[in-house]
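Undergrad: Starting off with a structure, shown below.
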Amino acid sequence: MMSNLLRMMLLTAVLLGATRAEAQQVEVFKSESCGCCSLWIEHIRRNGFDVVGRNKALGQLARIKLAAGLKPQLQSCHTGKVDGYVIEGHVPAADVRKLLAERPEAIGLSVPGMPLGSPGMEAGDRRESYEVLLVKRDGTSEVFVRR
């Protein structure tokens with residue numbers, strides 16, 4: 001017969017293992033000198049993702065973005081990849097989770113440019129409204145979330 005303490009320890013171990021297994025890896029391509037990219041990486045990490053940052057020269061970054069199917073008007077400063085999707089720019093972690101839960105037929109998400117107040121672009125109370133775009137495989141995009 002198992003003691004209550006032993007049962008609680010086993011349950012805790014199982015739950016901790018499940019939490020670790022759920023942490024999805026995001027590979028982020030960025031320039032070494034970009035501070036907002038590093039801040040976005042920290043945002044994603046704080047929200048439970050395992051992040052691997054890869055510093056690239058600007059020409060390499062441009063090729064990565066184009067190879068991913070991101071038109072210039074959809075691009076930002078860094079490009080992430082998670083579970084078959086591309087995450088371009090300052091996309092909030094909550095929207096990445098929504099994308100992974102819904103699994104739409106798409107390339108991924110994009111926040112073009114660098115909107116003030118988006119994750120990694122915080123400036124106190126100042127913020128701009130912005131849209132997180134769902135980038136479709138045919139190159140078009142539509143609003144996924146308005147912020």
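Undergrad: Of everything in the stretch 28-59 that's under 11 Å from the mean Cα position of the chain (by Cα) and in a strand (DSSP E or B), which residue is surrounded by the fewest Cβ atoms within 10 Å (Cβ to Cβ)?
TA: For the stretch 28-59, the residue satisfying everything is 50.
Undergrad: Moving on. From the list 101, 94, which one is touching a residue at least 12 places away in the same chain (Cβ under 8 Å) and of a type in the set (Gly, Ala, Ser)?
TA: Unique residue meeting the criteria: 94.
Undergrad: Looking at (1) out of contact with any strand residue (DSSP E or B) (no Cβ under 8 Å at 6 or more places or on another chain); (2) within 18 Å of residue 47 (Cα to Cα); (3) not charged (D, E, K, R), find the lone condition where residue 115 falls short.
TA: (2)
Undergrad: What residue, among those in the stretch 105-123 that are within 17 Å of residue 137 (Cβ to Cβ) and assigned to a loop (DSSP other than H, G, I, E, B), is nearest to the chain's Cα centre (by Cα)?
TA: Only one residue fits best here, namely 107.
Undergrad: Run down 88, 102 and say which single residue is within 13 Å of the chain's Cα centre (by Cα), among the acidic types (Asp, Glu) and modelled with pLDDT of 95 or more.
TA: That would be 88, the only listed residue that is within 13 Å of the chain's Cα centre (by Cα), among the acidic types (Asp, Glu) and modelled with pLDDT of 95 or more.
Undergrad: Name the pairs whose Cβ atoms lie under 9 Å apart, with the first residue in the stretch 120-147 and closer than 16 Å to residue 89 by Cα, the second of a type in the set (Val, Ile, Thr) and surrounded by fewer than 17 Cβ atoms within 10 Å (Cβ to Cβ), and 6 or more positions between them or separate chains?
TA: Cβ pairs passing all conditions: 131/143; 132/143; 133/143; 134/143.
The values are calculated or read from the model by the stated rules, or taken from the named source; none is laboratory data. Small disclaimer: the values here were computed from a predicted structure and weren't measured. Positions of Cβ are backbone-derived with ideal geometry, glycine not excepted, and every protein chain shown enters the neighbour counts.
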